[in-house]
Amino acid sequence: MSTSASGTSKGKLLLVTPTFHGYYRSIANALERRGYHVASHRYDGFDSVAAKVRNKVLHELPAKIGMEHLSKAEDWSTKRALEALIEVNPDFLIVIKGDTLGDDFWSEVEKRQLPRILWLYDDLKRHSYTVDFLKNIGPVLSYSMDEAEFLANQGVNASYLPNAFDPELAAPPNQRRQEVVFVGARYDNRQMLLERLRDAGVPVRAYGRQWSHHVIDKLRTWELSRPQLPAERDIPLSEAYQVQAIAAAAINVHGLQAGLAMRTFEVPGMGGLQLVDRPDVDRFYDIGTEVLLFQSPEELIDLSRRALKDHAWAESIREAGRKRTLAEHTFVHRINDLDRRWE
């Protein structure tokens, strides 16, 4: 078993998690450093070709054409997660998101009276949990301060745990590329901003299957059309870290998202220049010296143009943002905070 910095072992911990870009690896590594012996179970893992085809046919395609598919997905996820729980027989349990896990899994958790935490690093509206369920299953951690306060006011044992950066995933690059980038899903507000940059003559590039012009990505996303923007296919998280740091600037667009996204900490953590649309980033960074805030397309265009031209200014922001991130906003910092939340 692993040991903490003090040399004491905390016991076995089962991390039940979505695959979601492999963030669970960073979380598991931070838990190991804290002294837990961690087993990770990805309840939505589709590792083989057969499993990927099964997911497309049984879940994604029915969802696209309006057929009921959630019960099948829940049954499959629940069965596998329950098997992992029984096999690992942990002393502690952390479930990330987990809203496709059914009653059989949660009943077993209750029966075992495991110290557990449900960690929501996405919006409540993207989960199927009820407030009554969350009251019973807590403690609950939310990446959104507002949603954590809302749940606490509803009687849920809920508290705030922001997202983070993993400094061990990739080394900061030395080179720079004269373009502004966005890595992530394509939403209308994000597409509009990138098109405005393109039309203003700012070199811009998007990364992700919903932007990619590759025929396979069009088939994977059940779409044929794409915006006329320079775009690349999906890239691993470690490469996304690098891409955002190499760029003259990396855009962080939230829109209606409740909390601050992972890239809020990843871009400055890698020594990148972050252009972010949320004023509440000032809870974590100094606006103007560690990150840059835009609240209109015009501000985004102006900041992008300066980032492309004023290299000394840009480098000073990169350096300050990285220093703050390493001092306060890594997954190790978050897990140290999480560790104090057990019942």
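Compute the Kirkwood hydrodynamic radius of the chain, taking the inverse of the mean of 1/r over all pairs of distinct Cα atoms, and give it in Å to one decimal.
It is 21.4 Å.
Averaged over its residues, the chain has an accessible area of 46 Å² per residue, based on protein heavy atoms and a 1.4 Å probe. Ligands, DNA and RNA left out, the accessible area of region 90-194 computed with a 1.4 Å probe is 45% carbon and sulfur.
For the pair region 169-207 / region 101-147, the C-alpha centres are spaced 35 Å from each other.
For region 199-322, with all protein chains present and a 1.4 Å probe, just round the carbon and sulfur fraction of the accessible area to a whole percent.
Using a 1.4 Å probe with all protein chains present, region 199-322 comes out at 53 percent carbon and sulfur.
Value of Rg to Rh for region 189-343, rounded to two decimals, is 1.00; Kirkwood radius and Rg both from alpha-carbon coordinates. Ordered from longest to shortest, the equivalent ellipsoid semi-axes for region 277-343 are 30, 15, 7 Å, each the square root of 5 times a Cα gyration tensor eigenvalue. Packing here is the average count of other Cβ atoms within 10 Å per residue, and on that basis the peptides 136-146, 293-303, highest first, run 136-146, 293-303. Principal-axis analysis of the Cα atoms of the chain puts helix 297-309 at an angle of about 70° to the longest axis. At the residue level, Arg176 shows approximately 90 square angstrom of accessible surface with a 1.4 angstrom probe and all protein chains present.
Per residue, how big is the convex hull of region 159-250 when only Cα atoms are used? Give it in Å³.
Numbers: hull volume 12.2 nm³, N = 92.
Residue-normalised Cα hull volume stands at 133 Å³.
Taking a threshold of 31 Å on the Cα-Cα distance, which of the pairs Lys125/Lys323; Lys10/Lys111; Lys125/Lys309 fall above it? Write out the running numbers ahead of the final one.
Numbers: Lys125/Lys323 34 Å; Lys10/Lys111 21 Å; Lys125/Lys309 41 Å.
Those over the limit are Lys125/Lys323; Lys125/Lys309.
Pairs spanning more than 19 Å between alpha-carbon atoms, out of Lys97/Lys218; Lys79/Lys135; Lys97/Lys135: Lys97/Lys218; Lys79/Lys135.
How much net charge surrounds Leu169 when only other residues with a Cβ under 11 Å from its Cβ are counted (Lys, Arg +1; Asp, Glu -1)?
Overall, the nearby charge balance is -3.
The values are calculated or read from the model by the stated rules, or taken from the named source; none is laboratory data. Computed from a predicted model, the values in this text were never measured in an experiment. Note that each Cβ is placed from the backbone with ideal geometry, even for glycine, and that neighbours are counted across all protein chains shown. All accessible areas refer to the heavy atoms of the entire protein, side chains included, with ligands and DNA or RNA removed. Shrake-Rupley method; radii C 1.70, N 1.55, O 1.52, S 1.80 Å.
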